[in-house]
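This report refers to the structure that appears directly beneath it.
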Amino acid sequence: MTTDIRETDGSPVPASQRRTAIASALRQFVRVPGLADHRTGIRSYQSHVKADPWIPILFALCFVLPTLAGAVYYGLIASDRYVTETRFAIRPTIGTADKATSDAVGTNAGVPNQMIAQDTLITLEYVHSRPMLEALEAKLPIRAWFSRDSIDYFSRFDADKPIEKLLRYWKRRVTIDVESGSGVMFLSVEAFDPAESFAIAEAVLNEAERMLNGLSAPARQDALSESARELQGAEERLINARRTVNDLRNREGVIDAQKSNEAALKTIGDLRSSRINLAVQLGIGQRDLGPQSRQIIDLKQRINDLDDNIARVERQLAGGDPAQKRLLSDALTRFEALDNGRKNAEKYYEQVRVAHERARIVAAQQVETFAAIVQPAKAESSTEPRRILMISLITAGAATLFATTLFARKVIA
């Protein structure tokens, strides 16, 4: 829809004048300050880009070369690394965790939970230590495995370097961590052959377990020696107590007199029981038989004989010299005291013997063991390096570097 431009009096404006007015309005619009500055900035930037010869060079150095180098190395050169992983926890062996309290003779056959937590941290530090590496070098050709010519230059270890350099390289190839909540440990071993990675992982577990049990070996041997000394002392104490009792028995004849008294009392009891039975028979026979019956006379005679025997035995027990009785009473009192000491010595000796046997078993076995939650398995394919991920990260880093360089150059310029 076209709108006619008219004069102030309402008459139409000629076409030539309309074109002149439109051109003048456009020139005024172009002179707007913001638009003019924007177009000037674009032209200035374009001219700056065209005039700066370092931008292509920076692009090549900061973006193209790093990206190309990363793609060539991770795509064609980097050697495959095979990873063996395992998860395990340190657990006390059967028969020790349930005895984590001291027994009556001062030995300790248990493993407190605090020791388990401490040993977990010790294992964490030992895996990355020089003694661990030296112990494995004595069993496995670690240097030869990591310095083969088939391994790329940047991943290969120089076999001529000292143990300190090898330890740094070892920390890059072996990773160990622990979950703070559960105490489960995670071990990861990287090598350039699946069999070598598996062998290293098993060797690390075995050596760490051996070291951990070796830490408590001196304490266990000390406990065994102490229990052996205590057992020897208890045995000597028991022998002395038995010898003292035997000397008193031989000197005073306490045991014979005591047994004689016991036998006499038992005899009296048996005689009284027999007399009661005969008295019952006599009472029953007198109801049916006369007093002159032969059976009644025999029963009465047997009862009289039993009464005489009972009286005689009682006189023997009650008779004797009063001084001799006092000596016998004193001897019996001493014997009871010594016999009680002998019984206590026998009881203590048995406790020490059991504790010594327990200490001997603990000293001969492993106190702690590595309970494998995930058993180590030989890798079937390489998982490192992650080639696509590494190339992508290098590309993103190169792009960031190039953008940062351009910004810095513009600010400086």
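Quick one: count up the residues across region 347-366 that are in contact with a Ser or Thr (Cβ under 8 Å, 6 or more places away or on another chain) and either modelled with pLDDT of 85 or more or under 27 Å from residue 188 (Cβ atoms) (or both).
1
Considering each residue of region 156-188, count those that are surrounded by 15 or more Cβ atoms within 10 Å (Cβ to Cβ), within 27 Å of the chain's Cα centre (by Cα) and part of a helix (DSSP H, G or I), and give that number.
3
If a residue must be assigned to a loop (DSSP other than H, G, I, E, B) and under 19 Å from the mean Cα position of the chain (by Cα), how many such residues does region 362-411 contain?
Qualifying residue count for the region: 5.
Yes or no: region 312-335 includes at least one residue that is at pLDDT 80 or above, under 30 Å from residue 269 (Cα atoms) and surrounded by fewer than 17 Cβ atoms within 10 Å (Cβ to Cβ).
no
Give the residues of region 115-155 that are of a type in the set (A, V, I, L, M), part of a loop (DSSP other than H, G, I, E, B) and farther than 25 Å from residue 87 by Cβ, sorted by residue number.
Here is the first cut: in region 115-155, the ones of a type in the set (A, V, I, L, M) are 115-117, 121-122, 124, 127, 132-133, 135-136, 138, 140, 142, 144, 151.
Cutting the leftovers down to part of a loop (DSSP other than H, G, I, E, B) gives us 138, 140, 151.
Hits for region 115-155 are 138, 151.
Restricting to region 68-88, name every residue that is more than 38 Å from the chain's Cα centre (by Cα) and among the β-branched types (Val, Ile, Thr).
Listed by number, the residues that qualify are 72, 77.
For residue 217, state whether it is at pLDDT below 85, touching a helix residue (DSSP H, G or I) at 6+ places or on another chain (Cβ under 9 Å) and within 30 Å of residue 342 (Cα to Cα). Reasoning before the result, please.
Details: at pLDDT below 85: yes; touching a helix residue (DSSP H, G or I) at 6+ places or on another chain (Cβ under 9 Å): yes; within 30 Å of residue 342 (Cα to Cα): no.
No.
The values are calculated or read from the model by the stated rules, or taken from the named source; none is laboratory data. These numbers come from a predicted model, not from an experiment. Reconstructed Cβ throughout: ideal geometry from the backbone, glycine too, with neighbour counts over all protein chains shown.
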